[in-house]
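Notes follow the structure.
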Amino acid sequence: MLLFLVLRPVYNHFNKNKNKIGMEDTPKRKFEQSVMFKGIAIAVLILILLIPGAMIQNLIEERQTRSHQTVRIINEKWSSEQTFCAPILIVPFSRMVRENAQTPRLETNMLFVTPKELKINVALTPEERYFGIYTAILYKSEIHFEGYFSELENLKIDNATLQWDRAQIVIGISDLRGVTQIPNFSIGSKTLETNAGDISLYADKSGKTLIVNLADVSYTDSLHFNCTMNLNGSSAINFIPIGRHTAVTVAGEWGDPSFTGIFSPERTIEKDRFSAEWNILSFNREIPDTWTANRHVDLMEHFFGVNLIETVDHYQQNMRTAKYALMFIALTFVVFFFAEIFTKKKIHVFQYVLVGIALILFYSLLLSFSEQIGFKWAYLVASAATISMITVYFHSLIKQIPATITLAGIMFILYTFMFIILQVQDFALLFGSIFLFVILGVIMFVSNKIKFFDEETEEVKMSNT
């Protein structure tokens with residue numbers, strides 16, 4: 001109905017001009033069957049089919065949102081993504097301050113001290129958890145870190161007294177639910193007890209901490225520490241290079257990790273295992289050696305780590321594919337249009353509608369199958385089914401084998417090219433531009449063989465003028 005309302009003014013205008021140029025003497029030819037009408041109808045139909053194309057994109061976003069919600073539920077029962085920052089020495093101090101010539105008051109504060117040397121070794125054991133068709137990536141890890149604080153005797157605050165008897169070491173962990181055993185924290189040869197604390201080290205997170213009290217520890221200029229702990233998490237594990245020299249090594253049985261943050265590691269990735277090593281110096285990041293609690297230091301600006309989730313999942317690939325729906329529909333309809341002209345076999349507009357629906361259903365098949373068997377196999381199944389159905393239907397309309405083979409070949413090239421575009425993200429724009437340029441050249445060449453105007457009608461127009 002919409003197509004009829006759009007084309008009706010063009011049809012009425014054609015009928016009015018028909019009598020003026022003497023077309024009543026030419027063989028009757030309905031405007032609905034003319035090349036002009038068919039071209040306009042196909043163009044309008046392509047635009048109309050963009051509506052269900054947009055609905056497919058909304059469906060992909062909805063399924064992606066549901067997937068994220070389901071994975072978040074699984075992670076909450078286990079433990080969320082972890083950010084590890086350890087250790088930091090905290091020394092309380094007090095001093096008298098005078099404001100606006102008033103009576104002096106006693107101010108209490110905390111001095112944060114970073115270690116001079118920090119080495120962290122992590123053994124990561126990932127595993128997959130399933131909830132219906134959705135998958136969450138969880139992991140267990142064994143973290144061992146050691147190092148030392150130095151030049152403690154030189155720590156001074158103007159007009160303040162450092163309270164070393166209340167000093168603590170803080171281990172920052174974004175989700176304490178991942179701590180499965182009490183950490184074995186040692187200062188020298190002495191093992192100390194760890195407790196949960198409420199000091200937040202992350203400006204944009206409510207991360208918790210583990211506290212180690214140093215009241216019973218004797219030390220002078222340096223403080224050596226050693227700790228082993230088990231930590232569970234999901235999706236990713238991140239680190240803060242809190243040491244003046246921080247060396248982090250992460251190894252695990254996972255074949256497709258990605259590395260996040262502002263530092264790149266020396267890495268080795270084999271079939272089912274990876275290893276990554278970071279070496280970060282104090283002048284590589286903007287974290288001060290010491291600072292007080294009233295100074296803002298955003299530690300999360302300097303994080304780095306390992307992400308176990310693919311950066312581009314099948315929902316993102318589905319969305320990228322759906323954005324090319326206009327090209328798929330337009331090129332397929334152009335092939336049908338040219339075949340109709342050269343074979344002189346009429347194809348009704350309703351039959352174009354059926355082909356358009358089949359092209360749209362390709363994206364629905366791709367989405368549903370990719371949730372079950374992965375994107376690559378889903379693309380193969382959905383494209384093979386779509387090409388086969390349209391080719392068989394086209395042959396039932398045209399009944400000419402050369403034209404049918406040509407259509408099948410063009411659709412095969414189109415879907416193969418699209419798959420290649422999805423795999424080479426860095427060159428997608430270049431390859432896509434070249435492909436469309438070549439396609440436009442082919443269409444321009446083929447269109448030269450089409451008679452868009454009736455030569456007899458043109459002669460009548462010329463004689464009347």
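The values are calculated or read from the model by the stated rules, or taken from the named source; none is laboratory data. None of the values given here were measured: they were computed from a predicted structure. Cβ placement follows ideal geometry from the backbone for every residue including glycine, while neighbour counts extend to all protein chains displayed.
If you filter region 237-290 down to residues that are among the basic types (Lys, Arg) and over 28 Å from GLU128 (Cβ atoms), you find that the one that is farthest from the chain's Cα centre (by Cα) is ARG244.
Anything in region 261-273 that is surrounded by fewer than 15 Cβ atoms within 10 Å (Cβ to Cβ) and within 8 Å of PHE304 (Cβ to Cβ)? List them, or say none.
Matches in region 261-273: ILE262 only.
Selection over region 274-296 of residues that are surrounded by fewer than 16 Cβ atoms within 10 Å (Cβ to Cβ) and part of a loop (DSSP other than H, G, I, E, B) gives a count of 7.
Checked across region 213-221, the condition of being touching a Phe, Trp or Tyr at 6+ places or on another chain (Cβ under 6 Å) and touching a residue at least 24 places away in the same chain (Cβ under 8 Å) holds for no residue. Taking region 291-307 as the range and being of a type in the set (A, V, I, L, M) and over 27 Å from the mean Cα position of the chain (by Cα) as the test, the residues that pass are ALA293, VAL297. Among residues of region 246-260 that are farther than 20 Å from LEU118 by Cα and part of a strand (DSSP E or B), those with a beta-carbon under 6 Å from a residue that is modelled with pLDDT under 90 and β-branched (Val, Ile, Thr) at least six positions away or on a different chain give the pairs SER258/THR311. Within region 318-334, not a single residue is without any contact (Cβ under 8 Å) to a residue 12 or more places away in the chain and either surrounded by fewer than 21 Cβ atoms within 10 Å (Cβ to Cβ) or among the charged types (D, E, K, R) (or both).
The residues of region 196-239 that are polar (S, T, N, Q) and either surrounded by 12 or more Cβ atoms within 10 Å (Cβ to Cβ) or modelled with pLDDT of 85 or more (or both), listed by number, are SER200, THR209, ASN213, SER222, ASN226, THR228, ASN230, ASN232, SER234, SER235, ASN238.
Please indicate, with yes or no, whether at least one residue in region 140-160 is closer than 28 Å to TRP78 by Cα, in contact with a Gly (Cβ under 8 Å, 6 or more places away or on another chain) and of a type outside the set (Gly, Ala, Ser).
no
Do we find that LYS345 is surrounded by fewer than 21 Cβ atoms within 10 Å (Cβ to Cβ), assigned to a helix (DSSP H, G or I) and among the charged types (D, E, K, R) in this structure? Answer is no for this residue. Filter region 64-77 down to residues that are closer than 16 Å to MET319 by Cα and over 14 Å from the mean Cα position of the chain (by Cα), then give me how many there are. So the answer is 1. If we scan region 362-384, do we find a residue that is crowded, with 19+ Cβ neighbours inside 10 Å, assigned to a helix (DSSP H, G or I) and β-branched (Val, Ile, Thr)? Within region 362-384, not a single residue is crowded, with 19+ Cβ neighbours inside 10 Å, assigned to a helix (DSSP H, G or I) and β-branched (Val, Ile, Thr).
Of the numbered criteria (1) under 19 Å from LEU176 (Cα atoms); (2) of a type in the set (Asp, Glu); (3) under 21 Å from the mean Cα position of the chain (by Cα), the one GLU142 fails is (3). Counted as qualifying within region 79-169 are the strands (runs of 3 or more DSSP E) with 1 or more residues that are buried (at least 20 other Cβ atoms within 10 Å of the Cβ) and touching a residue at least 12 places away in the same chain (Cβ under 8 Å), namely 82-97, 105-113, 117-131, 134-149. Residues that are surrounded by fewer than 19 Cβ atoms within 10 Å (Cβ to Cβ) and under 26 Å from GLU61 (Cβ atoms) do occur in region 385-397, at least one of them.
Hey, any hits in region 132-139 for a residue that's modelled with pLDDT of 85 or more and either under 28 Å from ARG295 (Cβ atoms) or aromatic (Phe, Trp, Tyr) (or both)?
Within region 132-139, the subset modelled with pLDDT of 85 or more is 137-139.
Still in the running and either under 28 Å from ARG295 (Cβ atoms) or aromatic (Phe, Trp, Tyr) (or both): 139.
For region 132-139, residues modelled with pLDDT of 85 or more and either under 28 Å from ARG295 (Cβ atoms) or aromatic (Phe, Trp, Tyr) (or both): present.
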